Amino acid sequence: MTAVSAPAEPLVPGAPPSATLAQDVWRGISRENPVVIQMLGMCPTMAVTNLLANGIAMGLATTFVMVGSGLFVSLFRRYIASEVRITSYILIIATFVTLADMILAATFPTISKALGPFMPLIVANCLLLGRAEAFAAKVGLARAVADGFGMGMGFTVSLSALSAFRELLGRGSLLGVDLLGPRYEPWVFLVLPPGGFFALGMLLITVAWVAGRRARRRAKAVA
Amino acid sequence: MSTLAWIFVSTLVVNNFTLVMFLGLCSFFGVTAKVETAWRLGLANTFVLLITAVSAWVLNTYVLTRTPFLRTIAFIVVIASGVQIVEMAVRKHFPVLFRQLGIYLPLITTNCAILGLALFQTSRHYTLVEGIVFALGAGFGLTLALSLMASIRERLELADVPAVARRMGLVLIVASSLSMAFMGFAGMGSGQ
């Protein structure tokens with residue numbers, strides 16, 4: 001678990017090493033977490049995490065697009081010429097984003113309105129193109145779907161943690177339910193744009209601290 | 001005229017694309033180690049933004065009137081081709097810059113600032129001239145944010161920072177302070 005000191009390279013040449021499906025899923029949530037470790041998909045990470053509901057919706061929508069595009073990129077990997085592969089991946093991703101956008105607008109119109117242009121902006125999330133290029137285009141269907149699901153879940157978990165922190169301290173509520181009572185003075189800074197950078201910075205520092213402590217403890221156990 | 005000036009100033013500082021609207025953060029964190037590279041990437045972005053603003057207006061006015069659900073797909077295809085043109089031009093005329101920018105040049109395609117500009121322009125129903133001014137404001141705002149961040153990071157190289165914050169953690173806290181500074185302009189919008 002030296003993940004923090006050596007971030008994963010998003011665009012590795014050659015096929016990824018073989019692993020079981022469970023490992024493919026788990027890697028996205030832990031060791032290669034898209035937000036905390038790889039720092040991919042930063043724009044939605046900070047723009048929509050001022051409310052927990054928005055964070056969860058964005059995470060799940062991204063998971064849907066990751067799984068769908070992983071499936072199709074892997075399915076057509078033998079037929080896509082390498083010169084036009086980036087454009088083809090972007091087109092596959094854009095199709096699934098349009099689908100997700102329409103499904104969300106039909107089922108949760110309020111959240112869809114709150115996310116606004118950040119829903120179609122999932123297309124420009126580098127995580128999707130990065131995984132299509134580095135992973136889905138080089139492996140079979142099942143592994144591509146497992147990886148997409150894992151990365152999407154890792155994204156959802158990080159976004160939920162970040163937005164729960166910002167909503168709880170910035171508004172004193174979670175999912176719109178008032179938790180800290182009327183006497184709590186909301187830390188409004190956290191729901192404003194600078195608060196997004198600040199919260200993620202704090203999250204990264206905490207992760208680095210935990211990883212460093214674990215490494216020191218392991219070194220002590222060996223010695 | 002005053003509308004145009006307002007659009008320019010508001011996208012340049014009040015609603016700065018990078019620091020207030022969170023668009024284009026990948027290059028904001030990825031290419032801001034050196035001032036020189038940072039502002040050049042900013043200008044390359046400005047150029048792509050201009051192309052995008054014009055093509056998005058053409059698409060919205062003449063092509064997508066009956067098929068608004070194809071908007072995302074149409075925009076991204078236009079952006080991808082625009083970036084391809086810029087990449088070829090930079091490779092031919094500025095080979096050194098081409099090597100410095102590396103992967104971040106093709107990655108302009110997945111820079112949310114570009115697609116974001118097209119989407120915001122659509123939702124605000126800008127005319128062609130307004131769209132071009134919007135793109136200029138956004139591009140210069142992006143260049144400003146990138147150069148500011150890069151000059152701060154150049155100084156940070158020599159600073160003695162606690163080990164846990166040495167990587168991206170500190171950069172994010174710095175970005176937070178920069179964003180707070182830009183929030184100071186927010187009062188300018190209340191008169192409108």
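Every read-out reported here was derived from the displayed coordinates using simple, explicitly stated rules and does not represent laboratory data. All values derive from a computational prediction rather than experimental measurement. Every residue, glycine as well, gets a Cβ built from its backbone with ideal geometry; the counts of neighbours run over all protein chains shown.
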What the Cα atoms of the protein assembly as shown span along the principal axes, largest first and in whole Å, is 71, 59, 50
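Could you pull out every whole DSSP H run in chain A that spans at least 15 Å of Cα extent along its own axis and averages 0.5 or higher on the Kyte-Doolittle scale?
A:52-75, A:85-107, A:141-171
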Any helix of chain B counts here only if DSSP assigns it H throughout, its Cα atoms span 20 Å or more along the axis, and its mean Kyte-Doolittle hydropathy is at least 0.5, and such helices are B:35-58, B:71-93, B:128-156, B:168-183
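Could you work out [θ]222 nm for chain B from helices alone, using -39500 (n - 2.57) per DSSP H run of at least four and dividing by all its residues? Round to the nearest 500 deg cm²/dmol.
-21500 deg cm²/dmol
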Output row, site residue A:85, 7 Å Cα→C-beta label point, backbone N cut-off 14 Å, window segment A:109-147, residues A:129-140
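Over every pair of different alpha-carbon atoms in segment B:24-181, take the mean of 1/r and invert it; report that Kirkwood radius in Å.
16.7 Å
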Under the 7 Å Cα-to-Cβ spin-label approximation, residue A:75 and residue B:58 lie apart by a distance in nanometres of 3.3 nm
Note, residue B:118: beta-carbon cut-off 12 Å, +1 each Lys/Arg, -1 each Asp/Glu, net +2
About its Cα centre, chain A carries a charge dipole, from +1 on Lys and Arg Cβ atoms and -1 on Asp and Glu Cβ atoms, whose size in debye to the nearest 20 is 780 debye
Connecting every pair of Cα atoms under 10 Å apart in chain A and solving the GNM, the largest mean-square fluctuation among A:46, A:151, A:102 falls on A:102
Using alpha-carbon positions, the gyration tensor of chain A gives root eigenvalues a ≥ b ≥ c; with a/c under 1.5 called rounded, otherwise prolate if a/b exceeds b/c, else oblate, the class is oblate
Summing -39500 (n - 2.57) over every DSSP H run of at least 4 in chain A, dividing by its residue total and rounding to the nearest 500, the 222 nm mean residue ellipticity is -21000 deg cm²/dmol
The value for segment A:156-201 (convex hull of the alpha-carbon atoms, volume per residue, Å³) is 65 Å³
